[in-house]
Structures are given as C-alpha cells and as structure tokens.
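Worksheet for the structure shown next.
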Amino acid sequence: MQPLRFRVASQADVPALVALVTSAYRGDASRAGWTTEADLLDGERIDAAVLRDDIARPRSRVLIADDAAGPVACAHVADVDGSGYFGMFAVDPRRQGGGIGRAVLHECERIAREDWGLARMRMTVIDVRAELIAWYERLGYRRTGEHLPFPYGDTRFGIPRRDDLRFEVLEKPLPPVSEDAGVS
C-alpha cells in the first residue's frame with residue numbers, strides 16, 4: 001500500500017466524492033471490489049446535497065484518503081448524540097483488499113476518540129451484507145440487534161432492487177484517550 005495522506009473534504013470535493021462512493025457500491029464498476037451493492041440497489045449511493053450538509057455541519061468531518069494517484073477512499077465521521085458515527089465509507093473498487101479501508105476506519109476512530117473524546121463508534125450496515133458485517137466484526141465492532149428501516153422511496157440513497165432491506169446498527173467501544181493525548 002502506498003502511503004496515505006488524510007485530509008478533510010471541502011465543498012469543492014463533492015463531485016469527486018459522489019463519483020468515488022458510487023463507484024464503490026453501484027453499477028458494474030463496483031463489481032471490481034468486494035463492497036458492491038449492485039445486486040441490492042441501483043442509483044446513487046450518496047446525494048450531493050446530503051454530502052454538502054455533512055461537510056458543513058459542526059463536529060462532522062468527511063475524510064479523504066489520498067495517495068500518489070489522488071483520492072482513493074473516503075468516509076464520514078460525526079458526533080451523533082455523544083457517539084461517533086461512521087458512514088459514507090468507500091474505497092476505490094480497484095484498490096480494495098489492500099489495507100486502505102482499515103486505515104481510513106482507524107483514522108475515523110482516532111478522530112472520534114482523540115479530537116472529540118467519544119467513547120464509542122456506531123454505524124449502520126444493510127443487514128443482508130454478511131461479508132461486510134463480518135469484516136467489521138473482525139475489527140472489533142459488534143452487532144447490537146438494533147435495526148433501522150431502509151429509506152424506501154427516498155432515491156437520494158438508492159433505488160432498491162429488493163423489498164427486504166433494513167439497516168443493522170454496529171458499535172465498538174473506543175479506548176480512552178491517554179492522559180498525554182489531550183482532547184480538542
């Protein structure tokens with residue numbers, strides 16, 4: 001893996017981020033990686049207006065991972081009701097399986113823990129994505145048993161190809177910040 005440089009997205013990054021996230025989950029391009037949702041959903045994976053709002057809101061960061069080739073991954077991390085929230089996670093499908101995703105997730109956990117002093121990270125995953133849930137479990141996340149409805153009818157998040165989609169909440173406790181790390 002080439003060295004990654006993390007940066008916080010700006011509004012100017014929105015078109016490239018929409019393209020990156022969509023390529024990782026939708027359409028034939030997504031089939032180059034293992035995170036495809038092409039058999040579950042059509043359409044966009046992220047709406048540009050939602051992304052702009054995520055970039056602008058307080059205690060919310062859209063993180064981009066760049067290497068020598070440019071942006072290769074992104075994720076959204078935010079403080080939601082006193083817990084870290086991890087979402088909008090995407091790695092270029094041609095680059096998946098090489099440790100980039102793990103590095104991005106760890107950086108988001110670091111932000112939640114060290115920058116915001118949060119004690120846990122939460123996320124939602126479509127519950128039929130067994131291989132993705134298993135990957136998160138190997139990284140310390142656990143299934144909470146809490147389910148949330150899929151936003152059927154809201155095409156900003158995709159056009160379902162099935163009628164049984166729902167989200168499962170996963171969470172992971174974050175280790176306390178060491179005394180010398182400081183919280184901002």
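Couple of notes before you dig in:
- Over the chain, dividing the summed -39,500 (n - 2.57) contributions of all DSSP H runs of at least 4 residues by the number of residues returns a 222 nm mean residue ellipticity of -6500 deg cm²/dmol.
- Start at zero, step by 5 Å, and the Cα-Cα distances of region 52-184 spread as 2, 10, 17, 21, 21, 17, 8, 2, 1, 0 percent across the bins.
- Coupling constants for region 77-83 follow from the phi torsions by the Karplus curve (6.51 cos²θ - 1.76 cosθ + 1.60, θ = phi - 60°), and in residue order they are 10, 8, 8, 10, 6, x, 10 Hz; glycine and proline get x.
- Per residue value of the accessible surface for the chain (all protein chains in place, 1.4 Å probe), Å²: 48 Å²
The values are calculated or read from the model by the stated rules, or taken from the named source; none is laboratory data. Because the structure is a prediction, the values reported are computed rather than measured. Keep in mind that these areas ignore ligands, DNA and RNA; they rest on the heavy atoms of the full protein, side chains included. Shrake-Rupley method; radii C 1.70, N 1.55, O 1.52, S 1.80 Å.
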